[in-house]
1. In what sequence, highest mean first, do 35-47, 175-187, 247-259 appear when ranked by Cβ atoms within 10 angstrom?
2. Relative to the longest principal axis of the chain, what angle (0 to 90°, nearest 10) does the C-alpha long axis of helix 193-204 take?
3. Can you give the local net charge around residue 100? Use residues other than it whose beta-carbon is closer than 12 angstrom to its beta-carbon, Lys and Arg +1, Asp and Glu -1.
4. Given 45/186; 45/302; 257/279; 35/186; 45/279, which pairs have Cα atoms separated by over 26 Å?
5. Share of the stretch 206-318's accessible area from carbon and sulfur, percent, 1.4 Å?
6. At 1.4 Å probe size, with every protein chain present, just tell me what the per residue accessible area of the stretch 153-270 comes to in Å².
7. Arranged from highest to lowest average of other beta-carbon atoms within 10 Å per residue, in what order do the peptides 231-244, 264-277 appear?
8. What three numbers, in Å, describe the spread of the alpha carbons of the chain along their principal axes, ordered from the longest?
Amino acid sequence: MTHDATTAPRWTREELQAAFAQGYEIGRAATARGKVADYIPELAKADPGAFGLYMLKPDGETLSFGDAETRFSIQSICKVIILAAALKLRGFNETFSHVMMEPSGDAFNSILKLDTRSNLPFNPMINAGAIETVSLLLPDLGFEDMLACARELCLDPSVTLNEAVYNSEAQTGYRNRAIAYLLKSKGVMSADPEQTVDLYFRLCSLSVSARSLAGLGLVIANDGIDPFTGRILIDPEHVRTIQSIMFTCGMYDYSGKFSVNVGVPSKSGVGGGIVCAAKGPMGIGLYGPALDSFGNSCGAVKAMVHISQALRLHVFEY
Ligand code: GLU
């Protein structure tokens, strides 16, 4: 392995295999310490012991461990796809006239500072920010367009809507509706709040696997280019913005510590997924529905700490 500051790190197949195999074992053992999300019955059905890991490189090299093909709901990781779509449709200036790019220090679904300190949501990775960003997609883009966008960015034509999760989200999402109506009352949101939350609930309910998340991570890590077709899926300038916001805000209230300990732009969701856009470039997708107190997959966080250290993936490590 070389650590030249001017070139991307390169690993042998054996080095990659060893780092990911050990990361997988460490992560799988850590699942016992977590609890699956239970705010909707559909998520509570997940197997807390499930754990999967998938790595994808632009040359097509892959590594797959455990439950890497198991489907689960993308949940908050859709916020990355929503941001990419909004930046493409509306551009940087218009998007960030509706949402800020600051870590909030509050829970992902908090309404507090939005009401008392700022009209604009703190960032697109918390619910308020993602809901406002979804509103920017309407009326030009609907669910079918966003499904196509998700399939493209995840390099996975099999991404579908999990109807049961969507129905649960829609039946219980009073807090998200409250956020949308608050944004509307402040004049920040122009779209219809009901249509906005409906699209948000559907996007949270997309059914993905660790493998799909590795595809998404690879596209982001590869400057927005699908390495297998050469198509530019996300403008490189937007990729820099998305990665910065993932780095600072992607891991709930653990984002600071994750950035220090792992140092890879990542986003997690309460379905147990984590997408990582790593140096190399490589995409890493993880799935472990047993969550820690921050809402991040216990096993996936532990696995990434190990993998990042073993392969020197921290963005500030050369
Ligand atoms: N559908 C969830 C919500 O909006 C997403 C939660 C998450 O993954 O952070 O509450």
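The values are calculated or read from the model by the stated rules, or taken from the named source; none is laboratory data. What you see is a predicted model; the values in this text were computed from it and never measured. All Cβ positions, even for glycine, are placed from backbone atoms using ideal geometry, and neighbour counts span all protein chains on display. Side chains are part of the model used for accessible areas, which takes the heavy atoms of the whole protein and leaves out ligands, DNA and RNA. Shrake-Rupley method; radii C 1.70, N 1.55, O 1.52, S 1.80 Å.
1. The most tightly packed comes first, giving 247-259, 175-187, 35-47.
2. The helix 193-204 is inclined about 20 degrees to the chain.
3. 0
4. The answer is 45/186; 35/186; 45/279.
5. Heavy-atom surface of the stretch 206-318 belonging to carbon and sulfur, 1.4 Å probe: 52 percent.
6. Averaged over the residues of the stretch 153-270, the accessible area is 37 Å².
7. 264-277, 231-244
8. Its Cα atoms span 56, 40, 36 Å along the three principal axes.
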